[in-house]
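Rule-based calculations on the coordinates, nothing more; no lab input. These numbers come from a predicted model, not from an experiment. Counting neighbours? That spans all protein chains shown, and the Cβs are built from the backbone with ideal geometry, glycine included.
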Amino acid sequence: MEHHHEKGQWGSSFGFLMAAIGSAVGLGNLWGFPYKMGMNGGFAFLLLYLILVVFVGYVICLGELSLGRHFGKGVVGAYESLSKKYAFIGWFGWISPLLIIGFYCMLGGYCLKYAFANLGDFFGAGFGVGGQDSAAFFQSFYTDQLSSSVYTILFVLLTVLIVRGGVSSGIERFTKVAMPALFVSLVIVIIRSVTLPGAGAGLEFIFKPNWEVFQGPGFINVLAAAGGQMFFSLSLGMGITVTYGSYMKKDANLERSALIIPFADTVIAIMASLAIMPAVFATGQEPTQGPGLLFITLQSVFSAMGKFGPIFGFIFYMLVFIAAITSSIALLEAICSTVMDKRAEKGKPMNRKAVVNLIGLIVCLEGVFVALDGLGENGFPHIFGLSTWLDTFDLISEGILMPLGACYMAIILPTELVDKEVTLNNNKFRTQKFFDFCIKFCAPLLMVLVLLGQIDSFFGLKIFS
Ligand code: TRP
């Protein structure tokens, strides 16, 4: 039963928080949040997002941390310990990171490429963007199967190296340094961005109330976008919060952690918008380009900034890289943790390094497959009427398994278990009534809406119009 200590434990509560915030803060914050906000009307999206974080994000986060720490196991083991018949929820939470991690590592690799390219521009070294149109530069990179595969593999290797080190001497040691570095770099980029002439329009877009997008069927679509984004960004419904919770010491304060993690994640998402929107508007562009925001629109901002533009570009893409790798570490750990549990159940040694190597290899293959697809432009066959394999993996995990798993979890999680875990060590459970209400009513209702909205928008069914 107590075998989880063999898998590892956090050395300090600061270390745990950095790792957990590192898991939450990722491409979802620095890329997904600003571009979805751009497509969904700015302030209106922000407001719905904040409401969702408070009523749903916080409670699911607390539920998952409690579940993990209570049973001391990864996501499959935790649900199995609750009851054999709930094992399937655990498997949902195990498959999701497995589907996400491949394309996630590919995108992380893109960030490395862009950091190098900006460095190349600064030194005039010939491996930069070199005055090319940024859309053309991006396309020539992602359709280049060799170089996008190489960057993907490089990113997976770095992730594997850190996770092999274990919970406190690998993951915690890295994130304790990386997260503060990320924060400082983000502040530097924000200062540059908001002091560009014409930056005000970007700030207005984020903070000035404007409900135009809610017209027609807009509301439900914005809600679904914000809900899906919140789950992805907080890493909920994907096993990781259960797994990281299982490495917490019994005297750590769960309620406080469940407040800090979503709060920090939201702050970073808003900071990312502050770094991005003013710069985009200042260079006379629109943020409504969707996924192109990070690799096309922003690169053109850095290219247009003059001599030191590439330096800011380098800092920016390095910070996105850091955010991505602290998340891919968590994704890999969530997958491996369950494999180690299963080995322990069979009486085998856990053998962290071998497990991480093997799963790392699978992740490499998956990532390279998505990279070879070249965002759908290299002539691969696709399924479900989607145009890229990235979208396919994303739809199955983020669009279906995750809200479904989270919805089940909200319904079946015994609130007494949470109560018991939170109040260990005589901690008070200050938000108990709020928690009980939200987990029973707000969370399941919202999950159903997110599920419908995601399926609707992915397949263009127009249920809500
Ligand atoms: N939250 C991460 C981000 O914002 C991505 C993510 C989703 C994730 N699910 C996860 C990270 C599970 C680790 C584990 O980009």
For the range 334-401, the fraction of alpha-carbon pairs in successive 5 Å shells from zero, as % | 3, 16, 17, 17, 14, 12, 10, 7, 3, 0
To the nearest Å, what is the center-to-center distance of the range 313-353 and the range 215-262, using C-alpha atoms only?
-> 18
At 1.002 mPa s and 20 °C, Stokes diffusion of the range 253-353 via Kirkwood alpha-carbon radius, µm² per second | 127
Scalar couplings 3J(HN,Hα) for the range 196-201 by Karplus 6.51 cos²θ - 1.76 cosθ + 1.60 (θ = phi - 60°), nearest whole Hz, x for Gly and Pro, are 6, x, x, 5, x, 4
Toward the positive end of the charge dipole of the range 335-408, about the Cα centre and with charges on Cβ (Lys, Arg +1; Asp, Glu -1), which of P403, A371, A344 goes farthest?
-> A344
Along principal axes, Cα extents of the range 186-225, largest first, whole Å = 38, 19, 11
Mind pulling the per residue volume of the convex hull built on the Cα atoms of the range 1-73? Å³ is fine.
-> 102
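Based on the mean of other Cβ atoms within 10 Å per residue, sort peptides 435-446, 257-268 so the most packed one is first.
Values: 435-446: 18.7, 257-268: 21.2.
Packing proxy ranking, top to bottom: 257-268, 435-446.
Between L47 and Q289, 0.36 nm times their residue separation minus their Cα-Cα distance comes to what?
Numbers: separation 242, 0.36 × 242 = 87.12 nm, distance 2.10 nm.
The L47-Q289 span can extend by a further 85.0 nm.
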For K7, which aspartates and glutamates qualify as cross-link partners when the Cα separation must be under 15 Å and same-chain residues fewer than eight apart are set aside?
-> E172, E333, D341, E345
Be a star and scan the range 91-117 for residues whose amide nitrogen sits under 18 Å from the point 7 Å along the Cα-to-Cβ vector of L161.
-> 105-106, 108-116
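Given charges of +1 on the Cβ of Lys and Arg and -1 on the Cβ of Asp and Glu, with all other atoms neutral, how large is the dipole of the chain about its Cα centre, in debye to the nearest 20?
On the way: 28 positive and 28 negative charges, 240 e Å.
Charge dipole, the chain, about its Cα centre: 1160 debye, nearest 20.
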Per-residue ³J(HN,Hα) for the range 438-449, Karplus 6.51 cos²θ - 1.76 cosθ + 1.60, θ = phi - 60°, Hz, x for Gly and Pro = 5, 6, 7, 10, 4, 5, x, 4, 5, 4, 5, 4
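Filter the cross-link list K176/K249; K84/K420; K73/K440; K36/K353 down to pairs whose alpha-carbon distance in this structure exceeds 28 Å.
K36/K353
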Considering only G202, I188, S168, whose Cα is most displaced toward the positive end of the charge dipole of the range 156-221, charges sitting on Cβ of Lys, Arg (+1) and Asp, Glu (-1)?
-> S168
Find the eigenvalues of the gyration tensor of the Cα atoms of the chain, then list the square roots of 5 times those eigenvalues as equivalent ellipsoid semi-axes, largest first, in whole angstrom.
-> 34, 26, 21
Dividing the alpha-carbon Rg of the range 211-282 by 2.2 N^0.38 Å yields what?
-> 1.48
Any chance you could give the angle, 0 to 90 degrees and rounded to 10, that helix 352-373 forms with the longest Cα principal axis of the chain?
-> 40
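How big is the charge dipole of the range 378-448 about its Cα centre, in debye rounded to the nearest 20, if each Lys and Arg gets +1 on its Cβ and each Asp and Glu gets -1 on its Cβ? List each step's numbers first, then the result.
On the way: 5 positive and 7 negative charges, 74 e Å.
Here the range 378-448 has a charge dipole of around 360 debye.
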Where does each of 279-288, 132-141 land if you order them by average Cβ count within 10 Å, highest first?
-> 279-288, 132-141
Among T266, Q139, G245, flag the residue with its Cα farthest along the positive direction of the charge dipole of the chain, charges on Cβ as +1 for Lys/Arg and -1 for Asp/Glu.
-> G245
Residues meeting the amide H criterion for G166 (H placed from the backbone, H to H distance under 5 Å, 5 or more places apart or on another chain) are I171
Along the range 149-158, Karplus-curve 3J(HN,Hα) (6.51, -1.76, 1.60; θ = phi - 60°) to the nearest Hz, with x for Gly and Pro, reads 5, 4, 5, 4, 5, 4, 5, 4, 4, 4
Out of residues 5 or more away from V129 or on other chains, whose amide H comes under 5 Å of its own, with H placed 1.01 Å from N in the peptide plane?
-> D121
